[in-house]
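Below: one structure, written as structure tokens.
The values are calculated or read from the model by the stated rules, or taken from the named source; none is laboratory data. Model, not experiment: these values are computed from the prediction. Ideal geometry is used to build each Cβ from the backbone, glycine not excepted, and the neighbour counts take in all protein chains shown.
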Amino acid sequence: MTPTAGPHAGPYAGTSRLDAARRTLELEALGDDARIDLLVIGGGVTGAGVALDAASRGLRTVLVEARDLAFGTSRWSSKLVHGGLRYLASGRIRVARESAVERGVLMTRTAPHLIRALPQLVPLLPDLLRPGQAALIRTGFHAGDALRLTAGTPGALLPRVRRIDAARTRTLVPGVRTDGLRGALVAHDGQLVDDARLVVALARTAAQYGASVLTRVRAERVTGTSARLVDTLTGRELAVRAGAVINATGVWAGEVESSIRLRPSRGTHLLVDAAALGGPTAALTVPVPGSTSRFVFALPQQLGRVAIGLTDEDAPGPVPDEPQPTEAELTFLLDTVNAALATALTRSDVRGAYAGLRPLIDTGDGSTADISREHAVLEGPSGVITVVGGKLTTYRRMAEDAVDTAVRLRGLPARACWTARLPLIGAPGHRDSRSLSGAEVLSSLSARHGGAGHEVIAAGELTPVAEGLDVTRAEIAHAVTHEGALDAADVLDRRTRIGLVAEDAERARQAVEEIVAERLGEGLTG
């Protein structure tokens, strides 16, 4: 299906480009008392997924986000596109299968350019695993592989479970402890190069299909068919009437629809230099003592880092803009992963840390680790449709269910969902994607942008924005001209992940601020 633009797209009709000028034009086109088919509130992975689903079905769709794309939980994940092994271990077969199916969709059609197969390695060390635990993990790995088969994901993409010897174990994770090492069990899962980049790709693709994607716009006085929108940059207010309103604000869902009761759970990661673990190419997977289904992962990341996570802690009280890890969580993560390392990591090795809040539905009992990760689509007393729960891997199914509900309850004139076959901007099957030779583009740039790399090359210089960082000046410019970044924080913290390490952010900040100011100025006068 060819992308079609909404009735007010003007010069941006059929394009995926997001910039400040488009934002201004589309806000002006909405005017006051505008009528649309669907208003989506929230610019995380679920909200962007809902906007794409709706726009690709032919609905006049507007997405509003009070801050920036991927501002909340969607940028704080483990960046795993996982097949639900943990849910399988706890007996949640349906959730596990849904994860496996959606992982396959992402890796084969939707966003294969942003995802790679990641080996997950459990070292066979005598005092790391309880008696019989290795056999239990092996059984779980094979069950996960069976899910892969039923989901139709080819073994060439996600290799089958295997046991490797000690030498191969040390090759994949050089920092692993060697005393008593009897090799390792290895299974494969999917890993995103960056969770926030998935959100940006979804939002850009939704815009190409005609959705208005409006950041820095707050929704107030929300009902099932209307909202007051406030442009937080200018203070201007406008009324919008919609056929349906979908609340996809994650942990803030209860602030939009008061009938929603959530029990947020904090998941924390810390960041260390990859060199501290010898430059691993597999995820070191360490069982949490006393648990049969929880692990701590040391996950290789872009920019030469390893993320170690994650925790699962109750997080009651007001929802902060940026949740903060606790020292107890950092200690837990270090202690757990150190049980499998030859040289223990210390607090001084931690280069950065981040925490996100899972929007879990409050069931009233049990620990947050025991609460189901299933999503729910709920209609509130005011008629607002809320989609909540779930996880990053299953965002597409969540979006489909939410739009299906809106269509059924409100009689919206929508075609059938087809996002399981719809490639995002940058994916090999997308109409604007182009192949680039290794001589033309850095491998890191290709990993982050895929077939949209040609846009980046045209945007500026392919020189590092700061010494020691493989993020180019062209990527900074492209974030402003094509990806909707409106200030330096949008670029440092979401379009790139430079901001995860404070020292990196400070080294790059001046150059980023200069490029952002220059490109914003060009956009306003061009």
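Any residue at all in region 249-260 that's closer than 21 Å to LEU30 by Cβ and surrounded by 19 or more Cβ atoms within 10 Å (Cβ to Cβ)?
Looking only at region 249-260, we keep the residues that are closer than 21 Å to LEU30 by Cβ, and these are 249, 256.
So of that shortlist, the ones also surrounded by 19 or more Cβ atoms within 10 Å (Cβ to Cβ) come out as 249, 256.
Yes: region 249-260 contains one or more residues that are closer than 21 Å to LEU30 by Cβ and surrounded by 19 or more Cβ atoms within 10 Å (Cβ to Cβ).
Six or more apart or on different chains, Cβ atoms under 6 Å: show the pairs whose first residue is in region 310-330 and crowded, with 18+ Cβ neighbours inside 10 Å and whose second is assigned to a loop (DSSP other than H, G, I, E, B) and among the charged types (D, E, K, R).
Pairs found: none.
What tally of residues in region 228-260 results from selecting those that are under 15 Å from PRO359 (Cα atoms) and touching a helix residue (DSSP H, G or I) at 6+ places or on another chain (Cβ under 9 Å)?
Start the filter on region 228-260 by keeping residues that are under 15 Å from PRO359 (Cα atoms), which leaves 247-260.
After this cut, where a residue has to be touching a helix residue (DSSP H, G or I) at 6+ places or on another chain (Cβ under 9 Å) as well, the list is 247-251, 260.
Total satisfying the criteria: 6.
From the list VAL101, VAL95, VAL122, pick out the single residue that is within 26 Å of GLY390 (Cβ to Cβ), buried (at least 16 other Cβ atoms within 10 Å of the Cβ) and at pLDDT 95 or above.
Just one listed residue meets the conditions, VAL101.
Regarding region 177-188, can at least one residue be identified that is closer than 16 Å to LEU106 by Cβ and buried (at least 21 other Cβ atoms within 10 Å of the Cβ)?
yes
Identify the single condition in (1) modelled with pLDDT under 95; (2) in a helix (DSSP H, G or I); (3) of a type outside the set (Ser, Thr, Tyr) that ASP401 does not satisfy, given that it satisfies every other one.
Condition not satisfied by ASP401: (1).
Can you tell me which of ALA416, ALA466, ALA458 is in a loop (DSSP other than H, G, I, E, B), under 30 Å from GLU506 (Cα atoms) and over 21 Å from the mean Cα position of the chain (by Cα)?
Details: ALA416 fails: under 30 Å from GLU506 (Cα atoms); ALA458 fails: in a loop (DSSP other than H, G, I, E, B).
Being in a loop (DSSP other than H, G, I, E, B), under 30 Å from GLU506 (Cα atoms) and over 21 Å from the mean Cα position of the chain (by Cα) holds for just one of ALA416, ALA466, ALA458, which is ALA466.
Kindly check whether there is at least one residue in region 275-296 that is surrounded by fewer than 21 Cβ atoms within 10 Å (Cβ to Cβ), among the charged types (D, E, K, R), over 20 Å from the mean Cα position of the chain (by Cα) and part of a strand (DSSP E or B).
no
Check off (1) in contact with a Gly (Cβ under 6 Å, 6 or more places away or on another chain); (2) closer than 26 Å to ARG494 by Cβ for VAL319 and give me the number that stays unchecked.
It is condition (1) that VAL319 fails.
Counting only residues that are β-branched (Val, Ile, Thr), in a loop (DSSP other than H, G, I, E, B) and more than 23 Å from the chain's Cα centre (by Cα), how many does region 221-259 have? I'd like the intermediate steps shown before the answer.
Keep residues of region 221-259 that are β-branched (Val, Ile, Thr), which gives 222-223, 225, 230, 232, 234, 240, 245-246, 249, 251, 256.
Then keep just the ones that are in a loop (DSSP other than H, G, I, E, B); that gives 222-223, 225, 232, 234, 249.
Applying the additional criterion that residues be more than 23 Å from the chain's Cα centre (by Cα) yields 222-223, 225, 232, 234.
Total meeting the criteria: 5.
What tally of residues in region 56-86 results from selecting those that are touching an Asp or Glu at 6+ places or on another chain (Cβ under 9 Å), at pLDDT below 95 and in a helix (DSSP H, G or I)?
The total comes to 1.
For region 67-112, enumerate the residues that are under 25 Å from VAL491 (Cβ atoms) and among the basic types (Lys, Arg).
Selection gives ARG67, ARG75, LYS79.
Inside region 138-163, can you point out the residues that are of a type in the set (Val, Ile, Thr), in contact (Cβ under 8 Å) with a residue 40 or more places away in the chain and out of contact with any Ser or Thr (no Cβ under 9 Å at 6 or more places or on another chain)? Walk me through it before giving the result.
Quick first cut of region 138-163, residues of a type in the set (Val, Ile, Thr) only: 139, 150, 153, 161.
Among the residues that remain, those that are also in contact (Cβ under 8 Å) with a residue 40 or more places away in the chain are: 150, 153.
Of everything in region 138-163, just one residue is of a type in the set (Val, Ile, Thr), in contact (Cβ under 8 Å) with a residue 40 or more places away in the chain and out of contact with any Ser or Thr (no Cβ under 9 Å at 6 or more places or on another chain), namely THR150.
Take LEU88 and decide whether it is in contact (Cβ under 8 Å) with a residue 24 or more places away in the chain and hydrophobic (A, V, I, L, M, F, W, C). Walk me through it before giving the result.
Numbers: in contact (Cβ under 8 Å) with a residue 24 or more places away in the chain: yes; hydrophobic (A, V, I, L, M, F, W, C): yes.
Yes: the conditions hold for LEU88.
A quick yes/no check of all residues on (1) of a type in the set (A, V, I, L, M, F, W, C); (2) outside the structural domain of LEU52 (by TED's automatic domain parsing):
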site: LEU214; (1), (2): yes, no
site: ARG218; (1), (2): no, no
site: GLY235; (1), (2): no, no
site: GLY243; (1), (2): no, no
site: ALA248; (1), (2): yes, no
site: LEU270; (1), (2): yes, yes
site: ALA274; (1), (2): yes, yes
site: THR281; (1), (2): no, yes
site: LEU284; (1), (2): yes, yes
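Would it be correct to say that ARG170 is in contact (Cβ under 8 Å) with a residue 60 or more places away in the chain and not small (Gly, Ala, Ser)?
Working: in contact (Cβ under 8 Å) with a residue 60 or more places away in the chain: no; not small (Gly, Ala, Ser): yes.
No; evaluated as a whole, the condition is false for this residue.
I'm told ARG507 meets every condition in (1) touching a helix residue (DSSP H, G or I) at 6+ places or on another chain (Cβ under 8 Å); (2) assigned to a helix (DSSP H, G or I) except one. Can you identify the failing condition by its number?
(1)
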